[in-house]
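Student: Structure provided below as structure tokens; questions to follow.
Each value in this text was obtained by applying a stated rule to the coordinates, not by laboratory testing. None of the values given here were measured: they were computed from a predicted structure. In this analysis, Cβ positions are derived from the backbone assuming ideal geometry, glycine residues included, and neighbour counts consider all displayed protein chains.
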Amino acid sequence: MPLLKADFHIHTSEDPEDTIRYSATDLIDRAQRHGYSVLAITNHNSCVYNGYLRDYAKERGIVLIPGMEATIQGRHVLLLNFDFATINPSRLKELYDLKDRNNLIIAPHPYFPSTVALRALFRKNIRLFDAVELSHHYCPSIDFNKRALELARQYGLPVVGTSDAHQRCQFNTTYSLIEADPDTGAIIEAIKRGKVKVITKPLPLSLLIRINMVMFLRNHIIKR
């Protein structure tokens, strides 16, 4: 069974809520250069997936999975391979009725210091989630992933490594290796069965600070 290099949490310039300097096709080209086999572009409350991008990725040896970082009850949830038109942004519990073997619900950065992090809603709805994110966004002295990883171990949830990339320098810093055939259904099934390995290393504190500063400037200063 091949090991597929994958990232399931990435943003592109098509994102309606953040200022990002590379497009979906730019990202796919970059992913090809880094040896990725699987991507999910997860823009905020918007699915950029279409037939053109699917084929563009396929021509470069990449399985592109439809994705979205949805805001539900004011909190972020990663949704893969959904009918996104059916998502009710006001009620997290309605996702239970939409769960099936062909889609994936990931808890992104559950305990990061953000108003959109799941926090208490993560444990309260622990059975809703198929996997937990280990975000690249940490350094040796600052790591908000730890509590989420503890709960993942406690409840037997798989962990996926992602870049949550908004800037080029974030991509390929943390990723997943999936033991599956290069097919959307097989990839989702493999994650749910825990056939995933996270490749990660902490960022230098200086890079972590720079990433935060650039994101703040782009979304709160330049965007205005």
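Student: Report the FRET efficiency, 1/(1 + (r/R0)^6), for Ile126 and Asn45, where r is their Cβ-Cβ distance and R0 is 35 Å, rounded to 0.05.
Tutor: Given R0 = 35 Å and the Cβ-Cβ separation, E is 0.90.
Student: Now for a separate question. Amide H neighbours of Gly67 under 5 Å, at least 5 residues apart or on other chains, H built in the peptide plane: list them.
Tutor: Ile41, Val48, Tyr49, Asn81
Student: So how far apart, in nm, are the two label points at Phe84 and Tyr155 if each is 7 Å from Cα heading toward Cβ?
Tutor: My value for the distance between the label points is 2.5 nm.
Student: Rounded to the nearest 5, what % of DSSP beta bridges with both residues in the chain are antiparallel?
Tutor: 60
Student: If you don't mind, there's one more thing I want to ask. Tell me which trypsin sites (Lys or Arg not before Pro) from segment 1-96 have a DSSP coil assignment and no more than 13 other beta carbons within 10 Å of their own. The partial results should precede the final answer.
Tutor: Working: sites: Lys5, Arg21, Arg30, Arg33, Arg54, Lys58, Arg60, Arg75, Arg91, Lys93; in loops: Arg21, Arg60, Arg91.
Hits after loop and neighbour filter: Arg21, Arg91.
Student: State the extension gain, in nm to one decimal, for the chain segment bounded by Asp181 and Ile209, taking 0.36 nm per residue of separation less the distance between their alpha-carbons.
Tutor: 6.3 nm
Student: Count neighbours as other Cβ atoms within 10 Å of each site's Cβ, and list the trypsin sites (Lys or Arg not before Pro) in segment 175-216 that are DSSP loop with at most 16 such neighbours.
Tutor: When the trypsin sites (Lys or Arg not before Pro) of segment 175-216 are filtered for loop state and at most 16 Cβ neighbours within 10 Å, Arg193 remain.
Student: Measuring from centroid to centroid over Cα atoms, what is the spacing of segment 152-224 and segment 72-99 in Å?
Tutor: Between the Cα centre of segment 152-224 and that of segment 72-99, the gap is 20 Å.
Student: Then there's this: First obtain the Kirkwood hydrodynamic radius of segment 77-187 from its Cα pairs, then insert it into the Stokes-Einstein equation at 25 °C and 0.890 mPa s, and state the resulting D in µm² per second as a whole number.
Tutor: 163
Student: Using modelled backbone amide H atoms (1.01 Å from N, in-plane), which distant-in-sequence or interchain residues come within less than 5 Å of Ser23's amide H?
Tutor: Residues meeting the amide H criterion: Ser13.
Student: Against the 2.2 N^0.38 Å scaling, with N counting residues, where does segment 3-222 land? I'd like the Cα-based Rg ratio to two decimal places.
Tutor: This ratio for segment 3-222 stands at 0.94.
Student: Tell me, what is the percent relative contact order of the chain, built from C-alpha pairs under 8 Å that lie six or more residues apart?
Tutor: Here the relative contact order equals 20 percent.
Student: As a quick test, which of the pairs Lys5/Lys201; Lys5/Lys146; Lys58/Lys146; Lys124/Lys201; Lys5/Lys93 have an alpha carbon distance above 26 angstrom in this structure? Walk me through the intermediate numbers first.
Tutor: Numbers: Lys5/Lys201 16 Å; Lys5/Lys146 23 Å; Lys58/Lys146 35 Å; Lys124/Lys201 29 Å; Lys5/Lys93 31 Å.
From Lys5/Lys201; Lys5/Lys146; Lys58/Lys146; Lys124/Lys201; Lys5/Lys93, over 26 Å: Lys58/Lys146; Lys124/Lys201; Lys5/Lys93.
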